[in-house]
C-alpha cells in the first residue's frame, strides 16, 4: 500500500478531478502589492503546484473597493485586473495543479474609511476611524453583483474555480450572525433572511460561471463569539449550500471570527483540534444523503495527522496553508515515503500572519525562501569551499545545511551532544512542542547532505590554528549567554537563570518572581504554571484545551462559547511577571499571538507588574519599587517569593571572532552571536540561509 493512501486518493468532482485530498488553504501573502508581485506569485504558487498540492486557494481578493482589507489590498473588478493573474494561473497549470481564487469582502474588518457592513457596529479589531458604513438595500444588491462579477473575471483569468469567503467574521459572516446583523429589512431579522446574502451570492454565481467551474464556500462552522450562529443554524445553511440552485462543489470549514478571544491556529492549539467541527457537519449531511466533500482545517501540519482525519471520516479533504508555506514539497515528500524530510510548520505565526497584519510580505520562520523564491535562489557554488560552522543552533543549522546543499564541504561544531541550541529550550515550553519538528528536520537534512557533525566539541584558542588550516571560511553561530542582572542580592540562593530552570538545573519554589517580560519571560511563566506531564498539557490534549478556553464541544452553546465558563486548572504556584518599562506587558510579542500569551497567563493567575525597579533580594524575597504608569509616585513592595528567575536578556558569545580574524580567517557572524537582543529564530534562520547563499 502506498504511503498515506487516503490523503493521496484523487477526488472526483464530476466535471474535473483533484489529484489528491490536499487543499492549500488561503493565505494573505501581500505579494500582489509587492513590486513585480505577479511574477513572484507565479513562482510561489507554481512551486506549490510542483510539490503536488491538489487544489490551491489564493489569498483573499476583494470584489470591489469597499471590500478591500486595506486601501492597497488586491481587488478584481475589471478585466484588466483579471488579466494580471493569468501569469499565476498559467504557472500552476504548467505544473499540473489547479487553483481557485478566494473572493473576500472584509466588511467591518476593513482598515479603510470606506468599509461597509450589514449594520452600524464597531469592529473591536479595526482602527477607530474604520467604523464601516451600513449598506443600504441597493448596496446589498450591488455587493452581490460584485461577487458574481469577480467570479466571472476569475474564470477569464484562468482560475479553475473560486472560494467564497463566508467565515472568520468577514462581510458574509457579518450578515449571517446577529452579532453584527441588526437589520429590519429582508436581509436581517429571522435566520431565513440573514442567510439570504450568501445563498444569493452562490446562486447568481453558479448561473454565470456554469457547472464546470469549482465553487468552494467557506462556511463558519464555529464562530467562537457569544452572538454567533447556533449549530442548528450552521447545519441548515450547510444543507442549503449543498443542494438546489446554490449547490457548491466543496464546503470548506471556517473556525472563529478574528475578534474571538480563543486561539485557533497558534502553536498553543493542539494538532487538528477543530476537525471534530467538520466531522459533526459532515455526519449531518451524510445522514441527509448529501455527498458534498467537506474540508477540515487548522493545525493540520503532518501527513500522519491529515491521514488520520481522512481515514476517520471527519472530512474528505484537508486544508493546509502554513504547512505548505513551510515546505512546498510537503505532498510529494509524503507520497514518496519521505515524511521525515518535511520541514514542518510550527504554528508560530511570526513570519506569516504577523507580517500580513503589518502589511508586510509574508514568509516563514522555518523556510525563509517562502514568498522570496525570486530573491533567494539555491544554486551550486561556483567554487566549493571548506566551511566551518561553529554553533548548532537554528542559525548554524540553516547555514550549514544551505552551504552543503550548494556543494560546499561543511563541518558543524557544537559543544553540546546534539544540534538545536536554544530550540531545545523552546521545545520544553508548553505550547511550543512543535519546535522539536524543526530539530528533526535539520538533523535529517544535515545527515542527507553529508554535513560532518562534531558534537561535544567546545572550541577554544588552542583550536584556532587547526580551524584556520582546515577551513576557508568560518560561520560564527555561537549564540548567546544569559545577561547577569546588576542588583543587590543577586547571589542569593533563590536567584536563578532561565537557562538553568529550563535545563532542570535549578529548583523552582511555590512562589516565583520572573524578572523580564520579553519572549523568554513569558515562556518561563508558561513553564512554571503548567503541569509538564504531556497528557496534562492543553497544547497536546484537545479536551483540556477546550475546557481551559471555554468552548462547548456538544453543539449546545451559541457560537460555541455563549454561557460556557473556562475551567482553569488549580494553580500550584504563585507567579509574578515583572518588567522595567511602564508600557503594555508583552508589547514586543507577536502581532497575532501576543494576546494569546497574555490571556493564557491571566487564566493561570499570573500577576503582571510594569514599571519595576529591582532593589534587593534577601530572605524576605524580592524588594521592588514600582513606578505608576502615568508618572505617579513610586510604591515599594516586597514579593515574598522563594524563587527569582532572571530573564533579563542575553549577551552575544563572540570570543572566537577576533582571534580567528587575527589569523586571517574570513568570519561571518550570524544569529545570537550577531544580535542577542531577544532570541529571534526568524532572523537567525534567515540570516544563516542568506550568508550561506553568498559563500
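At-a-glance table
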read-out: Spans of helices (runs of 4 or more DSSP H) in the stretch 415-522 with at least 1 residues in contact with a strand residue (DSSP E or B) (Cβ under 9 Å, 6 or more places away or on another chain), under 15 Å from residue 394 (Cβ atoms) and at pLDDT 95 or above; value: 435-448
read-out: Qualifying positions in the stretch 575-587 - surrounded by fewer than 15 Cβ atoms within 10 Å (Cβ to Cβ) and either touching a strand residue (DSSP E or B) at 6+ places or on another chain (Cβ under 7 Å) or under 15 Å from residue 649 (Cβ atoms) (or both); value: 581
read-out: Residue in the stretch 535-554 that is in contact (Cβ under 8 Å) with a residue 60 or more places away in the chain and surrounded by fewer than 16 Cβ atoms within 10 Å (Cβ to Cβ) present; value: no
read-out: Breaking point among (1) farther than 30 Å from residue 55 by Cβ; (2) in contact with a helix residue (DSSP H, G or I) (Cβ under 9 Å, 6 or more places away or on another chain); (3) surrounded by fewer than 15 Cβ atoms within 10 Å (Cβ to Cβ), for residue 94; value: (1)
read-out: Residue within the stretch 536-550 that is within 27 Å of residue 126 (Cα to Cα), modelled with pLDDT of 95 or more and assigned to a loop (DSSP other than H, G, I, E, B) present; value: yes
read-out: Tally of residues being touching a helix residue (DSSP H, G or I) at 6+ places or on another chain (Cβ under 7 Å), assigned to a strand (DSSP E or B) and farther than 27 Å from residue 621 by Cβ across the stretch 636-671; value: 4
read-out: Wholly within the stretch 37-103, helices (runs of 4 or more DSSP H) carrying at least 3 residues that are in contact (Cβ under 8 Å) with a residue 12 or more places away in the chain and within 30 Å of residue 336 (Cα to Cα); value: 37-50, 86-94
read-out: Selection status of residue 328, in a loop (DSSP other than H, G, I, E, B) and surrounded by fewer than 22 Cβ atoms within 10 Å (Cβ to Cβ); value: no
read-out: Qualifying position, being within 26 Å of residue 35 (Cβ to Cβ) and surrounded by 15 or more Cβ atoms within 10 Å (Cβ to Cβ), among 99, 114; value: 99
read-out: Members of the stretch 273-313 found to be touching a strand residue (DSSP E or B) at 6+ places or on another chain (Cβ under 7 Å) and not in a helix (DSSP H, G or I), listed by number; value: 274, 292, 293, 294, 295, 296, 297, 298, 300
read-out: Selection from the stretch 370-390 of residues that are closer than 26 Å to residue 349 by Cβ and crowded, with 24+ Cβ neighbours inside 10 Å; value: 370, 371
read-out: Count of the stretch 132-141 residues which are buried (at least 16 other Cβ atoms within 10 Å of the Cβ) and either assigned to a loop (DSSP other than H, G, I, E, B) or in contact (Cβ under 8 Å) with a residue 60 or more places away in the chain (or both); value: 2
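The values are calculated or read from the model by the stated rules, or taken from the named source; none is laboratory data. Not measured: the values here are computed from a predicted model. With ideal geometry, Cβ positions are generated from the backbone for all residues, glycine too; neighbour counts draw on all protein chains shown.
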